[in-house]
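Peer 1: Structure in structure tokens, see below.
The values are calculated or read from the model by the stated rules, or taken from the named source; none is laboratory data. Computed from a predicted model, the values in this text were never measured in an experiment. Neighbour counts run over all protein chains shown; Cβ positions are idealised from the backbone, glycine included. Areas reflect the complete protein model, heavy atoms only, side chains present, ligands, DNA and RNA absent. Shrake-Rupley method; radii C 1.70, N 1.55, O 1.52, S 1.80 Å.
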Amino acid sequence: MKFSLSQLAKPYLIRPFLQFSFTRSIAMSQNQYKLVCLGNPLLDLQTNVPQEYLKKYDLKDNDAILADAKHLPIYDEILNNKDLILVAGGAAQNTARGAQYILPPHSVVYFGSVGKDVYAERLNEANAKYGLATRYQLQDDYATGKCAALIYDHHRSLVTDLAAANHFKPEHLQKPENWAIVEAATHYYVGGFHLTVSPDAIKLLGEEAAKNNKPLALNFSAPFIAQFFKDQLDSVLPYVDYVIANESEAEAYAESHDLKTKDVAEIAKHVAQLPKKNTKRPRTVIFTQGTDPTITVTQGKDGELQVETYPVKPLAKEDVVDTNGAGDAFAAGFIASLVQGKDLADAVDVGQWAAALSIQEVGPSFPFPKKEY
Ligand code: 26A
């Protein structure tokens, strides 16, 4: 969903939230959500920039970082860009929307933290379009987080000011009405980006998943997570049944864990064999590599490692609009398929299909009218 700048004329306008009426209308079905997602809800400010602009702020192609003080002028500067669009983002929220796009109504619910402002209203509108239910923790004193999605020649560089998203607390999940939803779910999906906010909230979901032999998927999200949030990542990995990452995140993991290899299959084998809380399920590691084949590694019951590769059907160059959200869309197709009981090969195929759909849209979005797999 795209928004015009004029819609943001009063950025901190406080109004009753769409979320409430929307959630009330589905109250009957709220404990039937199969998939619970957790992440940082953000509004993306997406615009094309010249390469020099990225250089000016020390930004890399296809990277995602947390903004520091020197990046803050970006959010004002890009407001003048004619092509600027405001589009619902937040990596796990994109995945949640994508999974709900694929699954029957009322299948997915998303937890995160937002401010009481017009940015959050825009997120609610986008989520409502997909039928995604949200259980936001609302912040009085912080604005909804935003991400400058700077596009240069089909690549994107993401600079995030988490704001309200940084104040999500595990206690929000533990509220009786929310915990009932968590308990009733069958699958969990967590953005690795949330490791910068609340590893404890991730562990709460992990304990629930492990105790009841329900699968939890974690996305590594960005190289900086493995680099600078290594301890937090290591502390949640025992709860993770499905690791989803791209090649640069896999490499960052190998580097920070001194694996002395850049071979993605070797890195996947290492991660697959790390200790698990729930020993009733093997861990599967899924590494995407852009247009190169997706690699999966699963540890079989006998301890043997099953390595599979799945080629990607390349899109014609003219069909590529932008890659913002492509990885999140892959994760959406993948996790939605697990919810539907599909096997690994099918889940990867649906993931690749969903990524291709999103790449043909502006921002982390899917086409309407809906396309069927
Ligand atoms: C903590 N950080 C840096 C982030 C993000 C993020 N989502 C959560 N936390 N930085 C960028 N994103 C989102 O990633 C999507 C593309 O995969 C952007 O909002 C964008 O929609």
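Peer 1: Report, by residue number, each residue of the stretch 255-271 that is surrounded by fewer than 21 Cβ atoms within 10 Å (Cβ to Cβ) and touching a Ser or Thr at 6+ places or on another chain (Cβ under 9 Å).
Peer 2: Listed by number, the residues that qualify are A265, H270.
Peer 1: Go through the stretch 157-197 and give me each residue that's among the small types (G, A, S), within 14 Å of the ligand (Cβ to nearest atom) and open to solvent by 10 Å² or more (accessible area, probe 1.4 Å).
Peer 2: Scanning the stretch 157-197 gives a single hit, A163.
Conditions tested, residue by residue: (1) within 12 Å of the ligand (Cβ to nearest atom); (2) under 14 Å from the mean Cα position of the chain (by Cα); (3) among the aromatic types (F, W, Y).
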| position | (1), (2), (3) |
| --- | --- |
| L79 | no, no, no |
| A88 | yes, yes, no |
| N94 | yes, yes, no |
| A99 | no, yes, no |
| H106 | no, no, no |
| V109 | no, yes, no |
| G115 | no, no, no |
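Peer 1: Please specify each residue of the stretch 60-94 satisfying the condition of being polar (S, T, N, Q) and within 23 Å of G39 (Cα to Cα).
Peer 2: Result: N62, Q93, N94.
Peer 1: Taking the stated definitions as given, is Y136 crowded, with 23+ Cβ neighbours inside 10 Å, within 22 Å of G89 (Cα to Cα) and away from the ligand (no atom under 16 Å from the Cβ)? Outline the logic, then answer.
Peer 2: On the way: crowded, with 23+ Cβ neighbours inside 10 Å: yes; within 22 Å of G89 (Cα to Cα): yes; away from the ligand (no atom under 16 Å from the Cβ): no.
So Y136 does not fit the description; no.
Peer 1: For the stretch 31-74, give me each residue that is of a type in the set (S, T, Y) and either within 30 Å of H187 (Cα to Cα) or within 13 Å of the ligand (Cβ to nearest atom) (or both).
Peer 2: Here is the first cut: in the stretch 31-74, the residues of a type in the set (S, T, Y) are 33, 47, 53, 57.
Result: Y33, single match.
Peer 1: I'm trying to understand the selection: among the residues of the stretch 325-344, which are more than 14 Å from the ligand (Cβ to nearest atom) and either within 20 Å of S221 (Cβ to Cβ) or of a type outside the set (K, R) (or both)?
Peer 2: Result: G333, F334, I335, A336, S337, L338, V339, Q340, G341, D343, L344.
Peer 1: Here's another thing I want to ask about it. If you take the residues of the stretch 141-156 that are outside any strand (DSSP E or B) and touching a residue at least 40 places away in the same chain (Cβ under 8 Å), which of them is farthest from the ligand (Cβ to nearest atom)?
Peer 2: Step by step, filter the stretch 141-156, then rank; the result is D153.
Peer 1: Return the residues of the stretch 281-325 that are under 23 Å from A209 (Cα atoms), modelled with pLDDT of 95 or more and either touching a Phe, Trp or Tyr at 6+ places or on another chain (Cβ under 9 Å) or open to solvent by less than 40 Å² (accessible area, probe 1.4 Å) (or both); say none if nothing qualifies.
Peer 2: Answer for the stretch 281-325, where residues must be under 23 Å from A209 (Cα atoms), modelled with pLDDT of 95 or more and either touching a Phe, Trp or Tyr at 6+ places or on another chain (Cβ under 9 Å) or open to solvent by less than 40 Å² (accessible area, probe 1.4 Å) (or both): R283, T284, V285, I286, F287, T296, V297, T298.
Peer 1: Would you mind finding the one in D349, D322, D302 that is at negative phi, more than 16 Å from the ligand (Cβ to nearest atom) and in a loop (DSSP other than H, G, I, E, B)?
Peer 2: Selected residue: D302, the only one of D349, D322, D302 that is at negative phi, more than 16 Å from the ligand (Cβ to nearest atom) and in a loop (DSSP other than H, G, I, E, B).
Peer 1: Let me ask something additional. Being basic (K, R) and either over 14 Å from L237 (Cα atoms) or part of a loop (DSSP other than H, G, I, E, B) (or both) is the filter here, so list the residues in the stretch 178-224 that pass it.
Peer 2: Selection gives K211, K214.
Peer 1: Spot the failing condition for P367; the list is (1) open to solvent by less than 30 Å² (accessible area, probe 1.4 Å); (2) part of a helix (DSSP H, G or I); (3) without any contact (Cβ under 8 Å) to a residue 12 or more places away in the chain; (4) not hydroxyl-bearing (S, T, Y), and only one is missed.
Peer 2: Condition not satisfied by P367: (2).
Peer 1: So, D200, is that one over 27 Å from G351 (Cα atoms), within 11 Å of the ligand (Cβ to nearest atom) and open to solvent by 30 Å² or more (accessible area, probe 1.4 Å) or not?
Peer 2: On the way: over 27 Å from G351 (Cα atoms): yes; within 11 Å of the ligand (Cβ to nearest atom): no; open to solvent by 30 Å² or more (accessible area, probe 1.4 Å): yes.
Spelling it out, it is not the case that D200 is over 27 Å from G351 (Cα atoms), within 11 Å of the ligand (Cβ to nearest atom) and open to solvent by 30 Å² or more (accessible area, probe 1.4 Å).
Peer 1: Just to be sure before I move on: is G341 among the small types (G, A, S) and either under 22 Å from the mean Cα position of the chain (by Cα) or assigned to a strand (DSSP E or B) (or both) in the structure I sent?
Peer 2: So G341 fits the description; yes.
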